[in-house]
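Colleague: Structure in structure tokens, see below.
The values are calculated or read from the model by the stated rules, or taken from the named source; none is laboratory data. Note that the structure is predicted; figures quoted are calculated from it, not measured. In this analysis, Cβ positions are derived from the backbone assuming ideal geometry, glycine residues included, and neighbour counts consider all displayed protein chains. Quick note on the areas: whole protein, heavy atoms, side chains included, nothing else; ligands and nucleic acids left out. Shrake-Rupley method; radii C 1.70, N 1.55, O 1.52, S 1.80 Å.
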Amino acid sequence: MARDTGAARAQDTAPAVPDLGELPGGVKAALEAVLMVIAEPAADAELAAALGVPVARVQQLLAELQAEYDGVAGGVPRGFELRSIAGGWRIFSRAGFAPVVSRFVREGQTARLTQASL
């Protein structure tokens, strides 16, 4: 008789990870989506586990996203950046846009911003 463990129950209730290659933008876009919603910096290994891909692949994609956001290779820098901080990765608004973000916040629009956005 098989014993019912908490791990087995968790697997039964966990949502299935879709084939990331079939999603628009693939694994890279999936990583970006996760980075947009995290409240605390996430380590490479955490991100890899969430996406079901090797850590080395996540590290490569993080470097690519960081370069894209910074406007490397002739691209346009974005109003946000990807930073490695406190042992993990997180998206932040660029320091140069602080006056714009502050103005938005001061005008009582904080309900529209998530904590991660601030």
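Colleague: Could you pull out the residue among P18, P99 that is at pLDDT 85 or above and either assigned to a loop (DSSP other than H, G, I, E, B) or not acidic (D, E) (or both)?
Modeller: P99
Colleague: If we keep just the residues of the stretch 61-91 that are within 21 Å of G25 (Cβ to Cβ), of a type outside the set (K, R) and part of a strand (DSSP E or B), which is most open to solvent (accessible area, probe 1.4 Å)?
Modeller: Filtering the stretch 61-91 for residues that are within 21 Å of G25 (Cβ to Cβ), of a type outside the set (K, R) and part of a strand (DSSP E or B), the one most open to solvent (accessible area, probe 1.4 Å) comes out as F80.
Colleague: Right, here's the next one. Which residue pairs have Cβ atoms closer than 9 Å, lie 6 or more positions apart in sequence or on different chains, and pair a first residue in the stretch 87-109 that is within 28 Å of D44 (Cα to Cα) with a second residue that is part of a helix (DSSP H, G or I) and open to solvent by 50 Å² or more (accessible area, probe 1.4 Å)?
Modeller: Listed pairs, sorted by first residue: G88/E46; W89/Q66; I91/E32; I91/M36; S93/V100.
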